[in-house]
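Visitor: Before I ask anything, here is the structure I am working with.
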Amino acid sequence: RVATAWSVGGAVADSDRAAMALRFAGALFWYWHGSAGWIGTARYAELRAFVSGALERGSGEAPILRARALASAGSIGLASGNWKDGHQCLEEALHIFRELGSPEPEALAEVMRGGTLLMMGQLDDAWTASNVAVELVRSVPLSMVHGFVLAWRALTARARGDVDVARQIFEENVALSRRLGLKVGTAHGEAFLGAHNIDVGQIDDAVENF
């Protein structure tokens, strides 16, 4: 917290400090969300204020740094329920990622944008975003990003009532996470699959998932 506060303080013309602030902004969502988001102690409002300050200070910095910070701001919006703000920030990030030809962060930003659309009830648009994300990750090595794409795609299919499609994608996500040795991804995937099994009345299977 001290370091991030320092990076957005001082003279506005300090380019080194502005670039550092954007680097912090691009990374801190996952740091706070991963460690505290699920237990209700992630201070998203404080984090969003910092990211806003970093973006304002770093308006002339490298586009990739701004894109990552914007994606972070969008992720904060998705996680904290500020979906319209999150959607707008992710669209700005996507524009830069596309110009830079960065398919992996573009795919993650696209599926997170789809997440905001899902939460706002725009299910067809959310599904389209997940289709775009799937195509983008085809060109990059397997990583956690593929798991995020599959998870949000499955959640969207579930919300659309596409039961069989949702199950297939949930199972694919669990298999991928196990293959990559991603314990958290596997746990999330099993939990999502368990919730899906409850939806369709397969309680014994859900117990196994959980």
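Visitor: Please state which one of 79, 73 is in a helix (DSSP H, G or I) and open to solvent by less than 40 Å² (accessible area, probe 1.4 Å).
Guide: 73
Visitor: Now, a different point. Please find, within region 167-210, the residue that is nearest to residue 150 (Cα to Cα) out of those that are aromatic (Phe, Trp, Tyr) and surrounded by 19 or more Cβ atoms within 10 Å (Cβ to Cβ).
Guide: 170
Visitor: If you don't mind, there's one more thing I want to ask. Please count how many residues of region 48-63 are within 16 Å of residue 6 (Cβ to Cβ) and under 21 Å from the mean Cα position of the chain (by Cα).
Guide: Of the residues in that region, 5 qualify.
Visitor: Return the residue satisfying two criteria in turn: it lies in region 14-38 and is modelled with pLDDT of 80 or more and open to solvent by 50 Å² or more (accessible area, probe 1.4 Å), and of such residues it is nearest to residue 4 (Cα to Cα). Let's see the steps before the verdict.
Guide: In the first step, residues of region 14-38 are kept if they are modelled with pLDDT of 80 or more; the result is 16-30.
Still in the running and open to solvent by 50 Å² or more (accessible area, probe 1.4 Å): 16, 20, 23-24, 27, 30.
Numbers: 16: 13, 20: 9, 23: 10, 24: 7, 27: 11, 30: 15 Å.
In this case the residue turns out to be 24.
Visitor: Kindly evaluate residue 112 against the criterion of being open to solvent by 50 Å² or more (accessible area, probe 1.4 Å) and in contact (Cβ under 8 Å) with a residue 24 or more places away in the chain.
Guide: no
Visitor: Conditions: (1) farther than 19 Å from residue 117 by Cα; (2) in contact with a Phe, Trp or Tyr (Cβ under 7 Å, 6 or more places away or on another chain). Residue 197 meets all but one. Number of the miss?
Guide: Condition (2) is where residue 197 drops out.
Visitor: Now for a different question. Exactly one of (1) part of a helix (DSSP H, G or I); (2) more than 20 Å from residue 190 (Cβ to Cβ); (3) free of Cβ contacts under 8 Å to residues at least 24 places away in the same chain; (4) not acidic (Asp, Glu) is unmet by residue 121. Its number?
Guide: (1)
Visitor: Pull up region 82-109, narrow it to residues that are closer than 21 Å to residue 50 by Cα and among the small types (Gly, Ala, Ser), then point me to the one that is surrounded by the most Cβ atoms within 10 Å (Cβ to Cβ).
Guide: 109
Visitor: Tell me whether region 163-176 contains one or more residues that are at pLDDT 95 or above, assigned to a loop (DSSP other than H, G, I, E, B) and not basic (Lys, Arg).
Guide: Scanning region 163-176, I find no residue that is at pLDDT 95 or above, assigned to a loop (DSSP other than H, G, I, E, B) and not basic (Lys, Arg), so the answer is no.
Visitor: What is the one condition in (1) closer than 17 Å to residue 105 by Cβ; (2) of a type outside the set (A, V, I, L, M, F, W, C); (3) open to solvent by 10 Å² or more (accessible area, probe 1.4 Å); (4) part of a helix (DSSP H, G or I) that residue 130 does not satisfy?
Guide: If we test residue 130 against (1) closer than 17 Å to residue 105 by Cβ; (2) of a type outside the set (A, V, I, L, M, F, W, C); (3) open to solvent by 10 Å² or more (accessible area, probe 1.4 Å); (4) part of a helix (DSSP H, G or I), just (3) comes out false.
The values are calculated or read from the model by the stated rules, or taken from the named source; none is laboratory data. Remember, it's a predicted structure, so these values are computed and weren't measured experimentally. We place every Cβ from the backbone using ideal geometry, glycine too, and count neighbours over all the protein chains shown. Keep in mind that these areas ignore ligands, DNA and RNA; they rest on the heavy atoms of the full protein, side chains included. Shrake-Rupley method; radii C 1.70, N 1.55, O 1.52, S 1.80 Å.
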